[in-house]
């Protein structure tokens, strides 16, 4: 090379790109199947297509790359499979923020156009993520790259949904869920961040129906929800209240009788020992209500406003309703001590809005628990407890087991437009639900063609949980 051909300065980017392209062209990263040899496989945790990679991604990929290259150099058949995640609510939220900055919204666009807008976002950032990964020099098998909305993973999602539905492990029911009024969707427990905030603890007197001059006092941080109370719970062995279990109190403002029930879940030492039961707006209250057959009144709607069930407060924002209810209780002489109180409040992981627990018709996965060996949670618990799966670092093993020991059924439906749409079709003629892997053209029960697919999509973790299987070809039989 002459001096005129020699670059004046070393250009690392050009050299690295040339070397990387040479590696790829010669298939150095491609996995091969070798009979009789156990393969070494890493399924890359797929980054979300919400934006560009960050330093944490680089650290993760550096570690995985070192492990992969070492195994490959020792002669072990090695696969490092890359991919990206559609990231449901996170990606939709990112696109909605962009639309808002442009003075429009997804509702202005309509579902089809909005989804196409999201695809444009995905193509842009998916390409950036791919290029960033290549610049890092990672030795992933790019010929096997997967996206969670690719046909293969999508087939795996539908197959799993249908299989679990047919086994009775997926069901549709009205249960209490986490609701974000800003994102207008249900959230899983893991999508709720709890923050300690300073609030008030309000003591409210409920008069006994047969003795209006006698009261039972309850304490609450959310007086606006009392409009939906359908009971008061006390411990059945609490001497202060055992004589009124089975009797009624009159719900202030709403002026309707509600029963006093005895429930072992009550902590006699907390507060007054009496709990207002609002099954529609508190998970613990919902369970108490189910045990005692209490009615359910949603007094807070999906938009965060008070509903018709809240009587004269209908249409008032729940935040404003709180003070208005407190003022009325004070006027009625039923407001007791108001204390400063610091407590934990759930917030949406995406938009930071306060999460509203409410009862809604949703799709759930029946998880069971560790005491049910054949349940999903039971098998997941046993796999780690028995050592079949190793958790690293070890200290997180207890965190994992504790999570499963206190788990609730998983709400998997999301009121979003971006993601795997639920493979259920409703018949307008006979109201039958057709649940199938392939899109049907008629109701499987009555044959009517007047069927409409469920508008909701699945929680993004439904497809993420299948990633180790769907990326390797399941449910098809592949090598």
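Annotations
So that you can scan it fast, the table gives a plain yes or no per residue for (1) assigned by TED's automatic domain parsing to the domain that holds residue 322; (2) part of a strand (DSSP E or B); (3) farther than 30 Å from residue 372 by Cα; (4) touching a helix residue (DSSP H, G or I) at 6+ places or on another chain (Cβ under 9 Å):
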{"position": "165", "(1), (2), (3), (4)": "no, no, no, no"}
{"position": "176", "(1), (2), (3), (4)": "no, yes, no, yes"}
{"position": "227", "(1), (2), (3), (4)": "yes, no, yes, yes"}
{"position": "239", "(1), (2), (3), (4)": "yes, no, yes, no"}
{"position": "249", "(1), (2), (3), (4)": "yes, yes, yes, no"}
{"position": "261", "(1), (2), (3), (4)": "yes, yes, no, yes"}
{"position": "266", "(1), (2), (3), (4)": "yes, no, no, yes"}
{"position": "279", "(1), (2), (3), (4)": "yes, no, no, yes"}
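- Evaluated against (1) outside the structural domain of residue 81 (by TED's automatic domain parsing); (2) modelled with pLDDT of 95 or more; (3) buried (at least 18 other Cβ atoms within 10 Å of the Cβ), residue 171 falls short on exactly one condition, (3).
- Candidate set: the range 133-143, residues that are in a helix (DSSP H, G or I) and surrounded by fewer than 18 Cβ atoms within 10 Å (Cβ to Cβ); chosen: the one farthest from the chain's Cα centre (by Cα): 135
- Taking the conditions (1) touching a helix residue (DSSP H, G or I) at 6+ places or on another chain (Cβ under 9 Å); (2) under 26 Å from residue 53 (Cβ atoms); (3) part of a helix (DSSP H, G or I) in turn, residue 80 satisfies each one other than (3).
- For the range 291-306, the tally of residues that are in contact (Cβ under 8 Å) with a residue 60 or more places away in the chain and at negative phi stands at 11.
Yes or no, residue by residue, for (1) touching a strand residue (DSSP E or B) at 6+ places or on another chain (Cβ under 8 Å); (2) surrounded by fewer than 16 Cβ atoms within 10 Å (Cβ to Cβ); (3) modelled with pLDDT under 95:
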{"residue": "59", "(1), (2), (3)": "no, yes, no"}
{"residue": "64", "(1), (2), (3)": "yes, no, no"}
{"residue": "67", "(1), (2), (3)": "yes, yes, no"}
{"residue": "111", "(1), (2), (3)": "no, yes, no"}
{"residue": "120", "(1), (2), (3)": "no, yes, no"}
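- Restricting attention to the range 341-382, the residues that are over 23 Å from residue 284 (Cβ atoms) and exposed (fewer than 13 other Cβ atoms within 10 Å of the Cβ) add up to 3.
- Residue within the range 316-331 that is surrounded by 15 or more Cβ atoms within 10 Å (Cβ to Cβ), at negative phi and assigned to a loop (DSSP other than H, G, I, E, B) present: yes
- Given (1) under 25 Å from residue 149 (Cβ atoms); (2) in contact (Cβ under 8 Å) with a residue 12 or more places away in the chain; (3) crowded, with 17+ Cβ neighbours inside 10 Å, number of the condition residue 30 does not satisfy: (3)
- One residue stands out among those in the range 353-377 that are touching a residue at least 60 places away in the same chain (Cβ under 8 Å) and assigned to a loop (DSSP other than H, G, I, E, B): the one that is nearest to residue 455 (Cα to Cα), which is 366.
- Single residue of the range 282-315 satisfying the filter (over 25 Å from the mean Cα position of the chain (by Cα) and under 26 Å from residue 235 (Cα atoms)) that is surrounded by the fewest Cβ atoms within 10 Å (Cβ to Cβ): 293
- Here residue 473 meets each of (1) touching a strand residue (DSSP E or B) at 6+ places or on another chain (Cβ under 6 Å); (2) over 23 Å from residue 171 (Cα atoms) with one exception, condition (1).
- Test: residue 89 is assigned to a helix (DSSP H, G or I), in contact (Cβ under 8 Å) with a residue 12 or more places away in the chain and surrounded by 12 or more Cβ atoms within 10 Å (Cβ to Cβ): yes
- Criterion: out of contact with any helix residue (DSSP H, G or I) (no Cβ under 7 Å at 6 or more places or on another chain), under 30 Å from residue 187 (Cα atoms) and free of Cβ contacts under 8 Å to residues at least 40 places away in the same chain - qualifying residue of 270, 286: 270
The values are calculated or read from the model by the stated rules, or taken from the named source; none is laboratory data. Keep in mind that what you see is a predicted model, and the values were worked out from it rather than measured. Using ideal geometry, Cβ is built from the backbone for each residue, glycine included, and neighbour counts are taken over all protein chains shown.
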